[in-house]
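Notes follow once the structure below has been shown.
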Amino acid sequence: MIKAFWADQEKEHFAIILSGSLVCLVIIALLSIVALIVSRGLAHFWVQPAYFVNINESVQGQTGSNAEQFLVGRKQYAIIQNRDVASDKVKRVWLQESTYMEANSGKPTVVEKSQITYLDKPERLAKIGMTDGSFLLAIPKQIQTPASMASASEFHVIQEQIEQLREQVVEIQVQHLSPLHELLAEMRIREVEATAPAYIKAVQAYQHWDSRLTELQQALSRYSLVVSLADGREMSVPLADTHYMQYPNAANIFEKLYYFISQIWLFVSDSPKQAITAGGVFPALFGTVLMVMLMTIMVTPLGVLAAIYLAEYAPNNSVVSIIRIAVSNLAGVPSIVYGVFGLGFFVYTVGGHLDSLIFPEKSDVAVFGAPGLLWASLTMALLTLPVVIVSTEEGLRRVPRTLRQGSYALGATKFETIRLIVLPMATPGIMTGVILAIARGAGEVAPLLMLGAVKFALLLPIDAEFPYIHLERQFMHLGVLIYDGAFHSQFGGGEAGLMFAACMLLLVVVLVLNTIAVRIRNRLRNQYQIFNG
């Protein structure tokens with residue numbers, strides 16, 4: 001029986017079944033991970049119900065694995081919770097302080113359900129988003145305008161008026177005051193006399209726009225929202241500090257969908273706020289895409305040229321064999337090693353010499369001699385270079401030898417044959433290497449931590465300031481943002497949802513870039529299918 005089982009045919013069937021089972025397990029694990037990231041990421045944008053809760057702090061609760069000593073007394077909180085906290089199945093809830101001033105300094109707290117002595121979910125309870133990324137849970141009463149009192153239901157209409165005032169403030173600051181400030185500073189450096197007509201004119205213009213800015217800011221300060229907090233106190237909130245207002249307990253499905261879509265758009269278009277626990281991730285998204293594009297532009301010609309030399313020109317001897325072995329081994333070198341190399345060679349050596357040549361008068365200021373986008377892209381290009389070389393060389397070898405011989409027979413040189421015949425035929429293999437490089441380069445974090453990727457960057461690498469592209473600047477990266485949020489965050493409340501959303505966005509970025517590359521590869525493959533078939 002055993003001998004029959006291990007017959008050749010049975011061995012083949014067993015190997016097929018085992019291989020298929022392992023493939024199914026891998027697919028299930030992969031889909032489970034993606035499903036977890038997508039579900040938790042999308043849940044971050046969905047409307048969650050809001051509650052007023054009364055807490056008996058004399059009962060000791062648990063915060064993570066450590067017990068927290070609560071002060072004796074009773075205090076009311078407003079909380080956001082994605083499950084019904086009245087259910088007996090829920091043993092612990094996340095509490096958020098009820099005012100946005102307290103939320104800036106206080107942290108979410110985990111308490112046991114036994115501490116909850118009162119719970120209410122009023123439909124009039126509103127979540128008021130603030131411009132700094134925090135939010136306020138309160139019941140809106142009325143709106144104070146310069147002319148009169150208005151109903152809280154007119155929030156969106158009045159918010160449009162405030163938005164117009166904000167735009168005028170930004171226009172004055174950017175288009176008028178900032179250029180005049182630079183002009184006056186330049187005149188002082190050139191020691192222009194205060195009695196000069198040009199200087200007097202610039203000062204008068206600055207004073208005019210400064211007074212206009214003061215008027216607009218005073219007009220903004222006259223708009224305020226009066227709200228009732230969880231403990232019954234009333235508070236006046238400047239409408240200039242508010243961003244949106246929604247009623248999560250009274251929202252219907254269409255309002256929830258509108259909020260869901262608007263929050264996704266805000267997530268991909270806004271900057272991080274509240275120590276990257278609120279707001280959006282646009283600078284990180286922009287930095288990731290730009291770094292991957294620069295890396296691809298750098299690594300593709302280098303990898304293709306190296307592969308052409310190894311496949312077409314290099315002699316078949318032991319030295320070339322060692323080079324091929326070295327290239328293959330470089331693909332397995334830990335990425336942190338590339339980061340150390342990039343920091344030592346590109347930043348300190350190359351960048352330091354560039355600073356001494358280009359900016360000799362600024363010997364104490366590091367421009368290119370500091371970590372930045374350029375050196376990060378170059379290091380990531382070196383990290384992915386072995387993948388591109390191996391894939392391109394394999395693509396070159398797949399080109400039939402008869403095509404080369406036919407080209408030589410027609411009088412073409414070797415260079416012309418490679419440029420006009422071999423290289424176009426090998427483009428699918430080149431694109432395969434580019435796809436693998438994009439997938440690895442977009443997800444690496446360790447080298448970037450040394451080479452310019454930071455938690456928060458005030459300026460984008462591309463802006464309206466000459467020379468418009470600033471490759472020496474530090475930048476934000478989705479991988480670094482996820483790493484910092486996942487491992488440096490002390491709490492698992494809203495930060496966890498934002499990190500899952502950032503993971504989902506990174507997957508989408510890699511998918512889109514790879515899809516573009518795959519479509520180009522397929523088009524090229526179909527174009528030369530007659531030769532590859």
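What follows is calculated from the coordinates using simple rules that are stated; it is not laboratory data. Computed from a predicted model, the values in this text were never measured in an experiment. In this analysis, Cβ positions are derived from the backbone assuming ideal geometry, glycine residues included, and neighbour counts consider all displayed protein chains.
Given R0 = 51 Å, the distance between the Cβ atoms of Leu25 and Arg233 translates into a calculated FRET efficiency of 0.35. From most to least packed by mean Cβ count within 10 Å, the peptides 145-156, 472-483, 438-449, 24-35 give 472-483, 438-449, 145-156, 24-35.
Please give the FRET efficiency for Leu165 paired with Ile520, using the beta carbon to beta carbon distance and R0 = 41 Å, rounded to the nearest 0.05.
Between Leu165 and Ile520 the formula returns 0.30.
Neighbour counts of C-beta atoms inside 10 Å place Ile16, Ile462 in the sequence Ile16, Ile462, starting with the fewest.
Computed FRET efficiency, Cβ-Cβ of Ala219 and Trp46, R0 45 Å: what is it to the nearest 0.05?
0.80
The mean sequence distance of close C-alpha pairs (under 8 Å, at least 6 residues apart), as a share of the length of the stretch 367-455, puts its relative contact order at 53 percent.
Treating each Cα of the stretch 155-222 as an identical point scatterer and summing with the Debye formula, the log10 of I(q)/I(0) at q = 0.14, 0.21 Å⁻¹ comes to -0.51, -0.84. Computed over neighbours whose Cβ is under 14 Å from that of Ala150, the net charge equals 0, Lys and Arg +1, Asp and Glu -1. The label-point distance for Thr195 and Arg398, in a model that sets each label 7 Å from Cα toward Cβ, rounds to 8.2 nm. In the stretch 155-222, Cα pairs under 8 Å separated by at least six residues give a relative contact order of 45 percent. Neighbours of Ile162, meaning other residues whose beta-carbon lies under 13 angstrom from its beta-carbon, give a summed charge of -3 when Lys and Arg score +1 and Asp and Glu score -1. Of Phe466, Phe286, Phe346, the sequence from fewest to most neighbouring Cβ atoms within 10 angstrom is Phe466, Phe286, Phe346. Exceedance of the 25 Å cut-off in Cα-Cα distance is limited, within the set Lys121/Lys455; Lys127/Lys256; Lys121/Lys256, to Lys121/Lys455.
What ranking do Val304, Val174 get, fewest neighbouring Cβ atoms within 10 angstrom at the top? Before the final figure, lay out each step's value.
Working: Val304 24, Val174 11.
Ordered by Cβ neighbours within 10 Å, fewest first: Val174, Val304.
Taking a sphere under 12 Å around the Cβ of Ala240 and counting the other residues whose Cβ falls inside, with K and R at +1 and D and E at -1, yields a net charge of -1.
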